[in-house]
Amino acid sequence: MRLFFISCLLSLFCPAACTGECPAVLSNLGPGEGRPVVTQPGHRVTLCLSSFNSSAEDLLLDASAPDLRYRVTGTDDREFVSGRTSTFGWVVLPLPPALSGPLDVELEDANESLVEVRVRVARVSSSGPSTPDRASAAPDFNAAQTMHRSVRASDLVQAIDLFQQAAQRWSLAGDGYGEALALGGEGESQIELSRYGDAKRTLLRALRLAGNDAPLRAWLLHLAARVLFDQYDGKPAGAYVAEEVQLAEKTDDLSLIAMARTDQAGLAFWLRNPKMEEVEERAHAAAVRAGDPETLALEMRWRAWVEEYYERIGRGRSELNESEAFFRDAGDPRGALDAVVEVAEAISLDGDSYSALTTFSKLDPLIQSSGNSMGWASNLINIGTRYQELNKPKLAQIYFQKAERVYGRAGIRYGLMLSHNNLCEIDLTLHEAAQAVAECRLSLVFAREFHDAAFTGDVLCDLGMAERTVGNNKLALEELQLAARYARSVQDPRYESVEHIQIGEIKERQGDRAGALAEFRRAESVSKGVASPGNLLEARYAVARWYASAGQFSEAEDALLPALEAIEGTRRQVGSSTLQASYFAAERKCYELAIDLAMRASIVRSADEGGARGLEASERSRARSLLDVLSARDSLQGRQRVAAETRHVQAKAAVETAFDHRLRLMGEDNAKRKLELNSVEMAQALADLERSEDGMLSLARDTPSPAPTLSAAAIGSASATTGTAFLEYSLGSERSYLWVIEAGEMKSYGLAPRADLERMASMWRAALRVPGVKAGSSADRRFQLLSARLSCALLPSSVHAARMVIVPDGALATLPFAALPGEGCSKAAESRPLVADHEIVLTPSLSVFLSENAAPAGRVYQGEVAIVADPVFDFADPRASGLAGQGLPTGQGPTAAALSRIMNAGYEASAIQKTVERTAGANRVFLAQGFDASLDTVLSPAMRDYRIWHLATHGVYDDTMPEFSGLVFSLLRPDGSPRFGFLKAPDIAELDISAELIVLSACDSAAGEFLGGEGAMGLSYAFMQAGAKEVISTLWSIDDKRSSALMIGFYESLIKNGGNAAAALRETQLAVSRRPETAAPYYWAAFELTASGSIGPHAFRDKVVVATPLMGTQTQTPLSALRAER
């Protein structure tokens, strides 16, 4: 349980037990002197002051939490001043002149959540008599103190004016203490607005006036250190922190000691002190002893950063959540807002870039309106970084440029260093090399100013690559060599390895081949001690490529072999399927080189050794993560992993829901109690997420051996026994290859380079996606010409098997092969599309397709088809009109707000239900529509009881962004309240799905980022990784009326042929293509079937058990009855 304390600095007091008598007379005590008194909630404490003449005096409180009631009375119970603090910090209580006699100071904690209150009383006096200026100073100061915690920038600007006014009036009255106090408030407000230069000057004036008053001076030193901490310039803060610690230890004041120790922890973090954990532990102990909420909030923030530095992300998230709660307890909404941003940053560290982007985007207007330039620019960097991770460099560039302008206006030089470096890297990605050089040079100026060796080396590396791109090889060589020296000086072998490879490539281009090989070998040597395996693989690839370019193929294979073995070994160490995919695909070029070496002598040969070796190398490079997951699925550990991943998805959804709720509450007035309840909800969700992550890590430590890929002989044998033709593509930068395996024989073909094929594919696909093209028109003739050229470039002369299983590569994964002419190289005027003569099935790899990953023997489904269709996205939907809602739910992503209702999805769902029930029997179909078409329904365990899932909703996808791939379900509840409804591809992959067929009647549901040999990492891949055997998805958006008609026809065919999805899809596509109004491939070729195993009928069997209803649906048997049957 968190301790909530209040500590109020009040000097010159004597405590009494509420008897009205002073047990002792305290006289001649100056400002800053005092003794603490501890109170508890619900108990009033009366402090007695000895007789004194207060002709020019005020009383002073420094409360570390809000809601402290105070009342000052004379011996006759005459009230002089009373009130209630609205925030933590200083409050000045003005006393009338000519006051004599003892005073009672009554203090009462009005905040029920606080456990203890520490109190002191201080006397503020001037050397001269009371004046109007002095009388007005206290009200100005108190008004400013209340306003400068606001999250609105305009309030802080007004607070600064009031602080300045109070300081001037105290100065005229000769009160240096009061003037220093007001200057401190002004400086703190300037820090909040990122006016660091002004804050530094203001605080230096205050420190000169504060003299040796320990509490006031320690507070000012804390603020002076914060000026530097906020600008990421921790080193110069050391002197301020050292004096602060010295003062605090002399006073023996728990509050002062806790704040000083907390600043010590911050300094240790910025200096990357190896003992930062020990320093932080001392700070934590001191903060807990003092119990001040603001200090605890700051200390837990440093604690969280230390946890994140040591990659204990889960703990860091929890600490930041606690920090936000303590800021709220202290009455510091600005601190709470900062903490919420940091919670979002911590959540983003788990790699979920999509959720992080939507969260930072929602926070952006709040941070901007707060006037904190540092916070706003940092959030813009966060947004830009997420776009960079999601392969959106143009959008990333826009946000980095915005951040640079904000940093520039505020004069934040460290921020300028970061933003210019980000822009340099983005410019390189966008091939804007000249601009990249300019940005890198600006970043380098600031990096050298801060004497940051590590960052200077990083910038020099980027600058060298930019100079190399624009052709300045001499400059590039000098900069990369200097960068390598910097990397060596800070013991960063990762960057040093990259730099040696870059240097080697420049030397190779300059003709110094021996020097180039030496640099590649140096990179290999340096990388052997790097935790990240990618560096070593890059170096070994560079060595092998060098030998290959010299025609020394045997030496190239010898150099490449350790790299390929390392890939396999590394896979065993990575437990997360997503991480496996990203790592393995990044090293695809190693396999590309291996394939090329094996195929050099192979153009078109039958069953030749080189072709077989090339095919086997290609298979080793493909979909290994998926193959490993499917192979281990039925093992004990596989089942444990599936269960753990499902819990992880649910835990992440709970965190997103709780955080989403918090963001909404932050925009409401008087939501304090709701925020407190949300803190409990958030803490529980984060704890569950941390436990689920620990469970995932535990399983990752015992990862089974990777599943073996198939040999060329085994693939040939499968083609003979199944009567299937297998086509596997491998695209290369210089040469591409195609293997065709049919009737037990293999042929290998040399194809054009990747760039040429992908350009042709892109042109053809763009022409195909134009609706309404009339036969015989110029657009149609152009399309036919493009079709013939692409077909001739990609397809073999003839394939006889009825079924073609295709393993695409690169951009070929986005091609509707069904629409390609089967005889593109023929001189005939028109050629039949492939689908006219073949069933077309796509698969990530032949090893995956031919793997034994069928459903467990004896699997009995409760029903045939579960349909989730026609969700309610917003209040524009007539079904939601009239509901008292909160507006569009937050957390759904930038695309969700623009989603319109799929008008024919409801009709499609009802028609499919009737079609299936006519054959399979009543109650064999589950239908969830409208509000019930929710993410909760899809995640319900009862969905496992259906053989086929039909999901008719919007698919969200944006070019090459796997994290943006997803399905959107209902975003509103029946009562109008918002609900989370976005299911992302990475989360789908972690589910446990037992359905045999997934039908995604959603636009763009087949799209995905192509990660090398892993295939298109979109929704189809995710559902297969979750356990589905077949997935029907779409390659582009088509009219939902025609889409519905095609889907209804598909189920009619599926029932007629006994459940063969490939045959049913082919028959439906041919039927649609025969109609004149839908003959163009645009209307029928978007649907494709992807399979992760040898496919056959999904027979619609006789009724066994009445279907299970989900989430209050239209079927009759309740869940409780099903549980009883089980």
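Just so you know, all these numbers are worked out from the coordinates, no wet-lab data involved. In this text the structure is predicted, and so the values were computed from the model without any measurement. Reconstructed Cβ throughout: ideal geometry from the backbone, glycine too, with neighbour counts over all protein chains shown.
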Practice task
Could you pull out every residue, at least 5 positions away or on a different chain, whose amide H is within less than 5 Å of the one on CYS48? Hs are placed 1.01 Å off N in the peptide plane, and Pro or chain starts have none.
Solution key: CYS14, ALA16, VAL105
Problem - Whole-Hz couplings from phi, Karplus 6.51/-1.76/1.60, listed for the range 1070-1083; x for Gly and Pro - result: 5, 4, 5, 5, 7, 7, x, 6, 10, 6, 5, x, 3, 7
Problem - Highest-first arrangement of 273-281, 944-952, 475-483, where packing means the average Cβ count within 10 Å - result: 944-952, 475-483, 273-281
Completion exercise
Under 5 Å from the placed amide H of TRP1084, counting only residues 5+ away or on other chains, we find none
Completion exercise
With the 8 Å Cα cutoff and a minimum separation of six or more residues, the range 300-385 has a relative contact order in percent of 21 percent
Exercise for the section: Find how much the distance from SER881 to PHE450 grows on full extension, using 0.36 nm per residue of separation minus their present alpha carbon separation; answer in nm with one decimal. Expected result: 149.4 nm
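Rank these for me by crowding, MET465, MET147, going from fewest to most other beta carbons within 10 Å.
Ascending Cβ contact count within 10 Å gives the list MET147, MET465.
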Exercise for the section: Work out from phi, with θ = phi - 60° and the Karplus expression 6.51 cos²θ - 1.76 cosθ + 1.60, the ³J(HN,Hα) of each residue of the range 713-718, listed in order in whole Hz, and give x for Gly and Pro. Expected result: 5, 5, 5, x, 4, 5
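Neighbouring Cβ atoms within 10 Å as the yardstick, rank THR953, THR915, THR429, THR724 fewest first.
Details: THR953 26, THR915 20, THR429 14, THR724 23.
Fewest-to-most ranking of THR953, THR915, THR429, THR724: THR429, THR915, THR724, THR953.
For LEU731, LEU59, LEU181, what's the fewest-to-most ordering of other Cβ within 10 Å of each Cβ? Intermediate values should be presented prior to the final figure.
Details: LEU731 23, LEU59 27, LEU181 30.
The order, fewest Cβ neighbours first, is LEU731, LEU59, LEU181.
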Fill in the blank from the handout: Which residues qualify? For SER934, with a placed amide H closer than 5 Å and at least 5 residues away or on another chain, they are SER970
Problem - In Hz, Karplus ³J(HN,Hα) per residue of the range 161-169 (6.51, -1.76, 1.60; θ = phi - 60°; x = Gly, Pro) - result: 4, 5, 4, 5, 5, 5, 4, 5, 5
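With a cap of 11 neighbouring Cβ atoms within 10 Å, and only residues DSSP puts in a loop, list the GluC sites (Glu not before Pro) found in the range 728-757. Let's see the in-between values first.
Numbers: sites: GLU728, GLU734, GLU742, GLU745; in loops: GLU734.
Passing both the DSSP loop test and the Cβ count: GLU734.
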